[in-house]
Amino acid sequence: METFYDVMRRQGITRRSFLKYCSLTAAALGLGPSFAPKIAHAMETKERIPVLWLHGLECTCCSESFIRSAHPLAKDVVLSMLSLDYDDTIMAAAGHEAEAIVEEIVTKYKGRYLLAVEGNPPLNEDGMYCIIGGKPFTDQLTYASQHAKAIISWGSCASWGCVQAARPNPTRATPVHKVPGIGNKPIIKVPGCPPIAEVMTAVVTYILTFERFPELDRQGRPKMFYSQRIHDKCYRRPHFDAGQFVEKWDDEGAKKGYCLYKMGCKGPTTYNACSTVRWNGGLSFPIQAGHGCIGCSEDGFWDKGGFYDRLTDIHQFGIEANADEIGVGAATVVGAAAAAHAAVSAVKQARTKGDND
């Protein structure tokens, strides 16, 4: 199998463009300039890794997000960095020829291929709510996972269950890690509805470059993208701390860019890179567009519902004060500070007068 660099050279990419690509990839991964040569060396010497990308119950928004990645471009990931041998959404093959590819990869590359899963399988009625190639998706999933190097659960459907698994869940839609027969394979969860495009491509790039999986949090998500709350890096955070909130859509606070917490924003409880990596090539993200975060990357976000219901247990400045109290508290502090300043000034003036007398 060709190396990444072999494929890029065959496509007419110059050495200069290749090195520039490695530098941009390092930056997208949050790595320093010194890592660009390491990425280049890896791409020159390592074979492309076969990937099976399976689709269960889903809306294909994860694939739609993936193909819009800017750094690196999705086409570079698919055509140069890995060997995407099966993806029923974008592959040319169909029918028996397409399904035969799964068996070929599983038997020929045991322990060397990645299994990417978008969506989830329904377990009720022996999996008959989702049929792939005439068989339940559960059969395809468990078979393909047998000898996979690792499983990547794309999106909240594969990671948590999402809307398909929401109550009452008549099909018993189940997240990948809870499917019987998966075994103890390493599972990397990349939640979001959908995940950010650059997050998806960066996870793949990291695995291919360093031949190891990114460090994961206790829920199995890459720490480099899911270690901080959206709230922690949100540009509206100063308004939150100052007690300045949007009270209703299109009020003066909304026009001034105040915090959307009272409008139901779930940024304080949602771990994702939306406020740093952002969407559409770093152009924007929901909060910047004027809509609060709905917490789509968190487990059970659909059942928790109430996308416009305000969180009730979020405190500011680490003290026991809610969003209603903080505004009054801030005004009180300012008033007290002004009074204290006036008192100190009066004492100083009295002392000065006494000294002069």
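What follows draws every value from the coordinates through simple rules; no lab data is involved. Note that the structure is a prediction, hence the values are computed from the model and not measured. Reconstructed Cβ throughout: ideal geometry from the backbone, glycine too, with neighbour counts over all protein chains shown.
Remarks
- Lys/Arg +1, Asp/Glu -1 at C-beta; the chain dipole; positive extreme among ILE90, ILE132, PRO186: PRO186
- In the chain, Cα pairs under 8 Å separated by at least six residues give a relative contact order of 14 percent.
- Among ALA74, ALA165, ALA254: highest mean-square fluctuation, GNM of the chain, C-alpha pairs under 10 Å: ALA254
- Of the residues LEU24, LEU115, LEU52, the one that moves most in a GNM of the chain with alpha-carbon contacts below 10 Å is LEU24.
- Share, in percent, of DSSP beta bridges within the chain that are antiparallel, nearest 5: 30 percent
- For the range 131-243, the gyration tensor built on C-alpha atoms gives an oblate shape. Its axis ratio a/c (a ≥ b ≥ c) is at least 1.5, and a/b is not larger than b/c.
- Reachable lysines, given that their alpha-carbon falls under 23 Å from the alpha-carbon of LYS248 and they are not under 8 places away in the same chain: LYS256, LYS262, LYS266, LYS304
- Here LYS149 is the anchor, and the lysines within straight C-alpha reach of less than 30 Å, apart from those fewer than 8 places off in the same chain, are LYS20, LYS38, LYS46, LYS75, LYS108, LYS110, LYS135, LYS178, LYS185, LYS189, LYS223.
- The calculated FRET efficiency for the pair ASP88 and LYS233, based on their C-beta separation and a Förster distance of 45 Å, comes to about 0.80.
- The chain - Cys residues lacking any other Cys C-beta under 4.7 Å: CYS22, CYS59, CYS61, CYS62, CYS130, CYS234, CYS259, CYS265, CYS274, CYS293
- Charge dipole (debye, nearest 20) of the chain; +1 at Cβ of Lys and Arg, -1 at Cβ of Asp and Glu: 1060 debye
- Taking 7 Å steps out from each Cα toward its Cβ at THR3 and TRP249 produces label points 5.5 nm apart.
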